[in-house]
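K.L.:
Take this structure, written in structure tokens, and hold onto it; I'll ask about it next.
The values are calculated or read from the model by the stated rules, or taken from the named source; none is laboratory data. What you are looking at is a predicted structure, and each value in this text was computed from that prediction instead of being measured. Cβ coordinates were reconstructed from backbone atoms using ideal geometry, including for glycine residues, and neighbour counts include every protein chain displayed. To get the accessible areas, we keep the full protein, side chains included, count just its heavy atoms, and leave off ligands, DNA and RNA. Shrake-Rupley method; radii C 1.70, N 1.55, O 1.52, S 1.80 Å.
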Amino acid sequence: PPPPRRGEAMTVELTVVVPVRNGEPYLRYQLEALERQECGRGWEVVVVDNGSSDRTSEVAGRFFGRLPGLRVLLEPSAGKARALNAGIRAAKGELLVFVDADDEVAPGYLEAMARGLEEAEWVGGRWDLVELNPPWARYPSPPDDHLPVGDGFLPFSPGGSLGVRAELAWRLDLFDEQMPLADDVDFCWRAGLAGAPGRFVPDAVVHVRRPVDALGAFRKTQGYGRSHVLLYDRYRHHGLRRRGGRQVVSDALAVWHHLRRHEPYWIWRVAFLSGFFAGRIEQSAASGVWYL
């Protein structure tokens, strides 16, 4: 008989959790990227369908026998944190790696994340915006030598490139399902405040996919803007400061720069930057907490 496929018969040490809602267009590309991974330890994949109305589960099901220990779970209650927590509860591995359904992990990603988790309780990989995006959707470039620091407060890793020891996840009571946005940043900040600093893993590369149209870019950053207000409301008593007037003016000038000069792709960049403003204003009004 053929040998066990990629550690499937070995003790599961690492669980990859893929939360997804209506991910039919791109999910297969991420699962194919996982299929190409070479990892020197037992691992499994848990896809959590978060109430999709398309054929997400059917797409995932095509990978039975191709991905080690693949399971497809249904979590009908909408909310990424709920999907993540469902994946954690089902996980067999002591090392948890979370990836987004519309991105693609680069070769060596899982092994690099696993090595990082041997030295730190949570880790973050490196974003690449070139592989999957046209030139206009590569702006701005993320840091390539350290974890991003949210609003000058604490480091975090975006949820599409986050690894966590299961023990830490349970110690922090998992992802906060009351956070409709930025549950990944909230988790990392709670970890940092609990004395568990993160570690950057530069060899763990994720090819990140961004919206290529202006409306998609606006809606994406609108959500980010809303999350900034929610995070400020939660962490201002821990030292998170309100954005200063110079930052607000600098952001406004950046929008004006692209409006005035009409450089290539200026509409996308204006939409991308304006979304942050719109989201902050919207959530500030909803929360009664002013943060622009």
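K.L.:
So what is the relative contact order of the chain, in percent, for Cα pairs below 8 Å that sit 6 or more residues apart?
P.N.:
18
K.L.:
Rounded, prolate or oblate: pick one for the stretch 31-113, where a ≥ b ≥ c are the square roots of the eigenvalues of its C-alpha gyration tensor, a/c under 1.5 means rounded, and failing that, prolate if a/b is larger than b/c, else oblate.
P.N.:
Prolate.
K.L.:
Which whole-angstrom value gives the distance between the alpha carbon centres of the stretch 195-241 and the stretch 16-58?
P.N.:
Result: 22 Å between the Cα centres.
K.L.:
Hey, another quick one. Scan around Leu67 for amide H atoms under 5 Å from its own, H built in the peptide plane at 1.01 Å from N, and keep only partners 5 or more places away or cross-chain.
P.N.:
So Leu67 has HN proximity to no qualifying residue.
K.L.:
With both bridge residues required to lie in the chain, what share of the DSSP beta bridges run antiparallel, to the nearest 5%?
P.N.:
Restricted to the chain, the bridges split so that about 35 percent are antiparallel.
K.L.:
Something else now. Compute the Cα gyration tensor for the stretch 156-253, then decide on rounded, prolate or oblate, letting a ≥ b ≥ c be the square roots of its eigenvalues: rounded whenever a/c is under 1.5, prolate when a/b is larger than b/c in the other cases, and oblate in all that remain.
P.N.:
oblate
K.L.:
Using a basic spin-label model with each label point 7 Å from the Cα along Cα→Cβ, how many nm lie between Met10 and Asp145?
P.N.:
3.4
K.L.:
Continuing with the same structure: Treating the beta-carbon of each Lys and Arg as +1 and of each Asp and Glu as -1, no other charges, what is the dipole magnitude of the chain about its Cα centre, to the nearest 20 debye?
P.N.:
800
K.L.:
Taking square-rooted eigenvalues a ≥ b ≥ c of the alpha carbon gyration tensor, is the stretch 1-142 rounded, prolate or oblate, where a/c under 1.5 means rounded and, failing that, a/b exceeding b/c means prolate?
P.N.:
rounded
K.L.:
Another one. Protein chains only, probe 1.4 Å: how do Asp144, Asp100 rank by accessible area, largest first?
P.N.:
Asp144, Asp100
K.L.:
Which listed residue (Cys188, His228, Val205) has the Cα farthest towards the positive end of the charge dipole for the stretch 172-249, taking +1 on Lys and Arg C-beta and -1 on Asp and Glu C-beta about the Cα centre?
P.N.:
His228
K.L.:
If you average the sequence gap of Cα pairs under 8 Å that are 6 or more apart and divide by the length of the stretch 111-250, what percent do you get for the contact order?
P.N.:
35
K.L.:
With +1 on each Lys and Arg Cβ and -1 on each Asp and Glu Cβ, how big is the dipole of the stretch 45-129 about its Cα centre, in debye rounded to the nearest 20?
P.N.:
360
K.L.:
Testing the spin-label approximation: label points 7 Å from Cα along Cα→Cβ at Glu263 and Leu193. State their distance in nm.
P.N.:
Computed distance between label sites Glu263 and Leu193 equals 3.8 nm.
K.L.:
Counting Lys and Arg as +1 and Asp and Glu as -1, each charge on the Cβ, what is the dipole of the stretch 1-155 about the Cα centre in debye, to the nearest 20?
P.N.:
In total the dipole reaches around 520 debye.
K.L.:
Sort 135-142, 101-108, 33-40, 260-267 for me by packing, meaning the mean count of neighbouring Cβ atoms within 10 Å per residue, highest on top.
P.N.:
101-108, 33-40, 135-142, 260-267
K.L.:
For the residue pair Arg55 and Glu32, what label-to-label distance in nm results when each label sits 7 Å from Cα along the Cα-to-beta-carbon direction?
P.N.:
The modelled label-to-label distance comes out at 1.6 nm.
K.L.:
Further question: Once neighbouring chains are kept in place and the probe is 1.4 Å, which whole percent of the accessible area of the chain is contributed by carbon and sulfur?
P.N.:
53
K.L.:
For the chain, with the dipole built from +1 on Lys and Arg beta-carbon atoms and -1 on Asp and Glu ones, taken about the Cα centre, which of Pro25, Ala90, Ala166 lies farthest toward the positive end?
P.N.:
Pro25
K.L.:
With the cut-off at 27 Å, report for the chain the share of all Cα pairs above it, as a whole percent.
P.N.:
When every Cα pair of the chain is considered, 41 percent fall beyond 27 Å.
K.L.:
Sticking with this one: Kindly report the accessible area of the chain per residue (heavy atoms of protein chains, probe 1.4 Å, no ligands, DNA or RNA), in Å².
P.N.:
47
K.L.:
Mind checking the stretch 16-56 for chymotrypsin sites (Phe, Trp or Tyr not before Pro) that DSSP puts in a loop (not H, G, I, E or B) and that have at most 14 other Cβ atoms within 10 Å?
P.N.:
Nothing satisfies the criteria.
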